[in-house]
1. Condition check: surrounded by fewer than 16 Cβ atoms within 10 Å (Cβ to Cβ) and modelled with pLDDT of 95 or more. Does Glu36 satisfy that?
2. Going residue by residue through the stretch 118-126, is there one that turns out to be closer than 12 Å to Leu27 by Cβ, at pLDDT 95 or above and of a type outside the set (Val, Ile, Thr)?
3. Can you tell me how many residues in the stretch 68-86 are at pLDDT 85 or above and open to solvent by 80 Å² or more (accessible area, probe 1.4 Å)?
4. Of all residues in the stretch 105-122, how many are among the charged types (D, E, K, R) and more than 16 Å from the chain's Cα centre (by Cα)?
5. Working carefully through the options Gln188, Gln184, find the one that is open to solvent by 70 Å² or more (accessible area, probe 1.4 Å), at pLDDT below 95 and assigned to a helix (DSSP H, G or I).
6. So which residues in the stretch 153-167 are in contact (Cβ under 8 Å) with a residue 24 or more places away in the chain and not small (Gly, Ala, Ser), if there are any at all?
7. So, of the residues in the stretch 43-67 that are hydrophobic (A, V, I, L, M, F, W, C) and in contact with a Lys or Arg (Cβ under 9 Å, 6 or more places away or on another chain), which turns out to be modelled with the lowest pLDDT?
8. Please work out if Val37 is part of a strand (DSSP E or B) and touching a residue at least 12 places away in the same chain (Cβ under 8 Å).
Amino acid sequence: MPVIKHPAQRVAVLIDIQNLYHSAKNLYGKRVNFKEVLRVAIEQRQLVRSFAYVVYTETEEEQSFFHALEKLGIEIRVKDLQVFYGGMKKADWDVGIAIDGVRLANSVDVIILMSGDGDFIPLVEYLKNVGTQIEVVAFGKSASSKLQEASDDFLDLSNDPEQYLLNIKKPANDNSAERSSGSQKQKQESRPQKQSRAK
């Protein structure tokens with residue numbers, strides 16, 4: 001049963017940048033169009049706060065990405081990449097996201113969690129138990145099925161990747177275009193297959 005969404009609802013958004021970034025990269029070799037994802041997820045409701053959780057690695061490209069998020073009105077939460085002896089690297093925002101979710105629960109009607117990470121299932125269950133509507137946004141092809149089921153509502157970005165990705169090119173092994181019509185199938189078969197690559 002679809003959840004109720006109306007303009008008077010106060011909404012907070014928690015964006016697990018690493019999760020969405022790597023999902024888009026591995027599935028499609030492209031980047032997420034966060035402006036469009038936010039627009040669709042919020043649905044003209046009252047946005048109270050939005051946080052993006054990022055890892056700082058000191059690249060110029062990264063800085064421009066942070067600025068683009070800030071222009072969208074998203075507050076940046078930054079954590080330095082930790083490099084341990086032996087080369088192991090760690091950058092985990094799970095606890096920080098969970099704490100912000102609990103902290104915001106009493107101030108908003110809806111929390112939108114943009115992540116497909118199953119580690120957030122306890123957070124989702126807690127938020128539902130305290131009366132906060134919890135909506136999850138992620139790529140269904142890589143998101144935890146249990147997380148999808150636990151949420152009040154799930155927006156599957158994989159259902160329309162052209163809308164939610166920047167300059168998308170479908171992988172060569174994606175046959176959805178071939179199934180759409182017989183003529184398109186013939187065109188695909190007449191072209192040499194390109195190897196898909198992860199960005």
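The values are calculated or read from the model by the stated rules, or taken from the named source; none is laboratory data. What you see is a predicted model, and the numbers here were worked out from it, not measured in a lab. Heads up, the Cβs are rebuilt from the backbone with ideal geometry, glycines too, and the neighbour counts pull from every protein chain shown. Surface areas here come from the heavy atoms of the whole protein model, side chains and all, with no ligands, DNA or RNA. Shrake-Rupley method; radii C 1.70, N 1.55, O 1.52, S 1.80 Å.
1. Against the criterion (surrounded by fewer than 16 Cβ atoms within 10 Å (Cβ to Cβ) and modelled with pLDDT of 95 or more), Glu36 qualifies.
2. Looking through the stretch 118-126, none of the residues is closer than 12 Å to Leu27 by Cβ, at pLDDT 95 or above and of a type outside the set (Val, Ile, Thr).
3. Selection size over the stretch 68-86: 2.
4. Residues meeting the conditions: 1.
5. Gln184
6. Residues satisfying the conditions are Asp153, Leu155, Leu157, Pro161, Gln163, Tyr164, Leu165, Leu166, Asn167.
7. Val55
8. no
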